[in-house]
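The structure under discussion appears below in the form of structure tokens.
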Amino acid sequence: MALRPIDNALPTITQERPKKQPKIVVSTQKQQPRTSSNDENQVPLEPTIDYISSDNLKPMSDPEAQIQSLVEDLDSKNWVKVCESLNDVRRFALYNSSLLLPILDKILLVVVKSMKNPRSALCKTSIMAASDIFNAFGDKLFDPFTFEAFDGLLLQLLLKASQDKKFVCEEAEKALGSMVGSMTPLPLLHKLRVSVSHTNLRIRAKAAVSLSKCVSKMGIEEMEEFGMEKLIEVAADLVNDRLPEAREAARSIATSVYEAIIKDVEEVEEKMEVWHSFCHSKLTPINALSILKIVKP
């Protein structure tokens, strides 16, 4: 009677031996190539954009023919194509500016649009294009047919110069420097005067820096034409600004005005008297004291 339970247990042991592990192994092997395939598909997502300096840009091979499709190429939905076309704009500005001039207003609008693009590569390339346009055309940007487009370009450059992205910010500052260096100070001063009162303190500071550079380029006659009173008022408005850049610009503007005011005065005491008299006659008592503290004979 004791052997029967042992015989009855044997079938139970044989049923527990087969385990379905091979299915798990096969499943794991199938997942591996999928992951590898996904990685391969993700590699070529972001094209590399080379930033070419102006010195390394080559002339167009057939400028008369290539200018015909430039505006259309700049309007492409492919941002890489737009970058390439912006570099073509730079080539035209450097080597064939006369071909670019008739469509300059449209080009400026595209440059501004590209600066607003969230892609940093496109934004920086458009800023580099702005620099070459300033150097090529200078005061022609004050002409009526580009006047409004230039206003938009100036605002965008001030915005980009105020950004946290260092490489975009530095490129925008270079472009603003090219603008000041290539354009007549007096008409540019009138445009910058508006931005110096901007509510955004960073834009205000960048505009103040460009304005101070304009003033430093001006002769006494140009300063008088703009108005010594207006210039010292600008300096007084900026002297207590929250940003150091704006305060330093105020010092530079006030110094330029001071040197113009006392140009023909020889005695130190007389210089002080003339300078004090000018500041107190043009500014409120508080603002006059602020200016006199930073610029002394």
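Subtracting the Cα-Cα distance from 0.36 nm times the residue separation, let me have the gained length for Ser98 to Val80 in nm, one decimal.
Gain on stretching Ser98 to Val80: 3.9 nm.
Quick check on my link table: of Lys174/Lys217; Lys230/Lys271; Lys206/Lys230; Lys113/Lys165; Lys191/Lys296; Lys113/Lys166, which ones sit more than 24 Å apart, alpha carbon to alpha carbon? Before the final figure, lay out the partial values.
On the way: Lys174/Lys217 17 Å; Lys230/Lys271 21 Å; Lys206/Lys230 19 Å; Lys113/Lys165 18 Å; Lys191/Lys296 29 Å; Lys113/Lys166 20 Å.
As for pairs spanning more than 24 Å Cα to Cα, those are Lys191/Lys296.
At 0.36 nm per residue, and after removing the present C-alpha to C-alpha distance, how many nm does the segment from Phe145 to His190 gain when stretched out fully? Write out the running numbers ahead of the final one.
Values: separation 45, 0.36 × 45 = 16.20 nm, distance 1.80 nm.
So the chain would gain 14.4 nm between Phe145 and His190.
Please give every one of the aspartates and glutamates within straight-line cross-link reach of Lys58, meaning a C-alpha to C-alpha distance under 14 Å, and leave out same-chain neighbours fewer than 8 residues apart.
Within the straight-line limit of under 14 Å, Lys58 reaches these aspartates and glutamates: Glu84, Asp88, Asp132.
Calculate the FRET efficiency for Lys106 and Lys165 from the Cβ-Cβ distance with a Förster distance of 25 Å, rounded to the nearest 0.05. Provide the component values of the computation, followed by the final result.
Details: r = 27 Å, r/R0 = 1.09.
With a Förster radius of 25 Å, E is 0.35.
Whole angstrom only: what separates the Cα centroid of the range 244-264 from the Cα centroid of the range 63-127?
39 Å
Show me, for the range 180-192, the HN-Hα J-couplings you get by feeding each phi into the Karplus relation (A = 6.51, B = -1.76, C = 1.60, θ = phi - 60°), rounded to Hz, glycine and proline as x.
Per-residue couplings from phi come out as 5, x, 10, 10, 5, x, 4, x, 5, 4, 5, 6, 5 Hz.
Keeping the other protein chains in place, figure out the carbon and sulfur percent of the accessible area of the range 111-183, with a 1.4 Å probe. Kindly include the intermediate steps, with their values, before the conclusion.
Values: 1520 of 2870 Å².
On the range 111-183, the fraction of accessible area on carbon and sulfur atoms equals 53 percent.
What length, rounded to one decimal in nm, is gained on full extension from Gln68 through to Val268, with 0.36 nm per residue of separation minus their alpha-carbon distance?
Values: separation 200, 0.36 × 200 = 72.00 nm, distance 6.40 nm.
Length gained between Gln68 and Val268: 65.6 nm.
The values are calculated or read from the model by the stated rules, or taken from the named source; none is laboratory data. Computed from a predicted structure; not experimentally measured. Heads up, the Cβs are rebuilt from the backbone with ideal geometry, glycines too, and the neighbour counts pull from every protein chain shown. Calculation scope for accessible area: heavy atoms of the full protein, side chains included, ligands and nucleic acids excluded. Shrake-Rupley method; radii C 1.70, N 1.55, O 1.52, S 1.80 Å.
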